[in-house]
Amino acid sequence: MSHVRESSKLFTSLLLTLMRAARWDISAAVRSIEAATASGNENFTSATTSIVSTHHAKYALESYISRKIFQGFDHETFYMDGSLSLLINPDQFRRDCFTQFRDMKAMDPVELLGILPTCTFGKFCSKKYLAIVHPKMEESLFGELEQRRQVLAGNHPRSQFYGEFLGLAKAIWLLHLLAFSLDPAPCQFEASRGAEFHPQYMESVVKFSEGRPPGGQIVGFPVSPGFKLGNGLVIKARVYLVSRT
């Protein structure tokens, strides 16, 4: 999970840098992300106020990316097809998942997709890239839609931006393979906006000088999901906290 978090932070940082270079109104983008989180709408919408300070914009953007890339995580193929392998032959499916996890762990995703661009992982990357980077965003950041055209054609761009995205996609894919190799599979959970802060299940993305959040903090928005394993171990959900008042 630590690899997922680091990859997510790196891609978020690059995307935020590109947005600033393209003179995006970051505050407006953050307000839109917050509104989408509150309404459950996956697309950017308009809003007038923000609970996020300007220097914390990266957390709102990471929340948006996380919602998109984790969508479908509970299904064996991220709902890319109607596979029922887990139900038909669960033991074999779990073994296959672990074998794929072990084999892919050391692979360079760029090299892998250069050889097998339309493999299942390649299809996952295409689906998630198109979900995260919508046409207006890409055109604003790069002045054209060349990367999107390549992805839609079943190819994978050799750009720095897409390469950073592949790092995140691979981390999520490996986590998914590992999760589905376990019996039972981990239970994914996400903190709800406005929920009380529970340190046994949640971790604040903002560090506090006291070492822990002060009293009266609630979830402003979820940043990334948590997982509860079959043995009772909890991987905490990451959240952005705000004061209740």
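Computed from the coordinates by the stated procedures, all read-outs in this text should not be read as laboratory data. Being a predicted model, the structure only gives us computed values, none of them experimental.
For LYS9, a cut-off of 14 angstrom between C-alpha atoms picks up these aspartates and glutamates, skipping any fewer than 8 places away in its own chain: GLU62, GLU164. Past the 26 Å Cα-Cα mark, which pairs from LYS136/LYS236; LYS58/LYS136; LYS105/LYS136? From the list (LYS136/LYS236; LYS58/LYS136; LYS105/LYS136), the Cα-Cα distance tops 26 Å for LYS136/LYS236; LYS105/LYS136. Stokes-Einstein diffusion for the range 94-227 at 4 °C, viscosity 1.567 mPa s, with a Kirkwood radius from C-alpha pairs, works out to 74 µm²/s. Counting only whole DSSP H helices of the chain, the ones at least 24 Å long by C-alpha along their axis and with mean Kyte-Doolittle hydropathy no lower than 0.5 are 160-180. For the chain, a Gaussian network of Cα nodes joined below 10 Å ranks ILE115, ILE235, ILE218 by mean-square fluctuation, and the top entry is ILE115.
All alpha carbon pair distances within the range 173-243 were sorted into 5 Å bins beginning at 0; the resulting P(r) in whole percents reads 4, 18, 25, 20, 14, 11, 7, 3. For the chain, the 222 nm mean residue ellipticity estimated from helices alone, with every DSSP H stretch of n ≥ 4 adding -39500 (n - 2.57) and the total spread over all residues, rounds to -15500 deg cm²/dmol.
Convex hull volume of the Cα atoms of the chain, normalised per residue: 136 Å³.
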